[in-house]
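Q: Right, I'll just put the structure down here and ask away after.
The values are calculated or read from the model by the stated rules, or taken from the named source; none is laboratory data. Just so you know, these numbers come straight off a predicted model, no measurement behind them. FYI the Cβ positions are ideal-geometry reconstructions off the backbone, even for glycines, and counts take in every protein chain you see. Heads up: the accessible areas ignore ligands, DNA and RNA and are worked out on the full protein's heavy atoms, side chains in. Shrake-Rupley method; radii C 1.70, N 1.55, O 1.52, S 1.80 Å.
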Amino acid sequence: ITTEEIALIEDTVNAKILESTPVEIKNSTLDEARAAGAMALFGEKYGDVVRTVRMGDFSLELCGGTHLPVTSAAGFLRIVSEGGVGANLRRIEALTGEAALRHDREAENRLREASRVLGTQPENVSGAAEKLRARVRELEKQLQAAQQKMAAASTDDLLANAQEIGGVKFAAARAPQGLNANALRELADRLSDKLNGVVVLAAEDGGKVLWAVKAASKIDESLNAVSEIFSQQLTK
């Protein structure tokens, strides 16, 4: 259900609430109720005698629950959720009266708090949030560029410590501080190509240890970089 459709449902129900239509309750046979056009809930079981609830000419249902004497006693209605419950079936959950009022006040308080954090007026929250989102994206791009630049600057130092093991050039090192997983992977790719060998890099990002192991494309496919080279380096 779209936002516009939810608003239409709320407007329709609230209009009927404002009409203050009396709620009429009547007991009849199931056949009589169905003949009158009473709406039954799918999957419910009914006895021979049923309770019908009528509100003017817009609602007639089979129901065993309690109801208000007039529609206006509901105050107003606010839909709080909707979702699918089966093929082509949707369930709507709503609040009325004081519960609906509390819901709206809580939503208004959250909007005010969001506007305070964003430094704007409540009516401008959407635009301010979009600007903040764009700013975050720009900063992420700048961070990625800075990480790539930092990784490129450390390439020569890492290659200077390369060794040759089993006829294969091998470099193992701790990557510069501040590289994330993507930057570490790109650095490993760059080093392995320049070294024409195997590269093992370690880094720390947000309290997590990251590893990148990369072998140049020209390395013999029969060589297992982890078992034959990395293991040799660790035992030294």
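Q: Using a cut-off of 14 Å between beta-carbons, work out the net charge of the residues near ALA203 (Lys and Arg +1, Asp and Glu -1, ALA203 not included).
A: Charge balance near ALA203 sits at +1.
Q: Of LEU191, SER81, VAL23, which is farthest on the positive side of the dipole of the chain, counting Cα position, with +1 on Lys and Arg Cβ, -1 on Asp and Glu Cβ, and the Cα centre as origin?
A: LEU191
Q: Still on this structure: Based on Cβ point charges of +1 for Lys and Arg and -1 for Asp and Glu, what charge dipole magnitude is obtained for the chain about its Cα centre, in debye rounded to the nearest 20?
A: 800
Q: Provide, for q = 0.25 Å⁻¹, the log10 of I(q)/I(0) from a solvent-free Debye sum over equal Cα point scatterers in region 7-89.
A: Taking Cα atoms of region 7-89 as identical point scatterers yields -1.19.
Q: Going Cα to Cα from LYS45, which lysines come in below 26 Å? Please leave out same-chain ones fewer than 8 positions away.
A: Within the straight-line cut-off, LYS45 pairs with LYS26.
Q: Name all residues of region 156-196 having a backbone nitrogen under 20 Å from the label point set 7 Å from the Cα of LYS141 along its Cα→Cβ direction, giving them as ranges.
A: Backbone N within reach: 180, 182-183.
Q: Additional query: Per DSSP H run of at least 4 residues, take -39500 (n - 2.57); add these up for the chain, divide by its residues and hand me the 222 nm value, nearest 500 deg cm²/dmol.
A: -13500 deg cm²/dmol
Q: Moving on. GNM, the chain, Cα, under 10 Å: largest mean-square fluctuation among ALA146, ALA38, ALA99?
A: Among ALA146, ALA38, ALA99, the largest mean-square fluctuation in the Gaussian network model of the chain belongs to ALA38.
Q: Tell me the angle of helix 3-18 to the major Cα principal axis of the chain, expressed in degrees between 0 and 90 and rounded to the nearest ten.
A: Long axis of 3-18 versus the principal axis of the chain: about 20 degrees.
Q: Can you list, largest first and rounded to whole Å, the semi-axes you get for the chain by taking the square root of 5 times each eigenvalue of its Cα gyration tensor?
A: Ellipsoid semi-axes (Å, largest first): 70, 26, 13.
Q: Normalised by the residues of region 12-159, what does the relative contact order come to in percent, with Cα pairs under 8 Å and at least six apart?
A: Reported relative contact order: 16 percent.
Q: Another one. Sorted by accessible area (1.4 Å probe), largest first, how do PHE58, PHE76, PHE170 line up?
A: Descending accessible area places them as PHE58, PHE76, PHE170.
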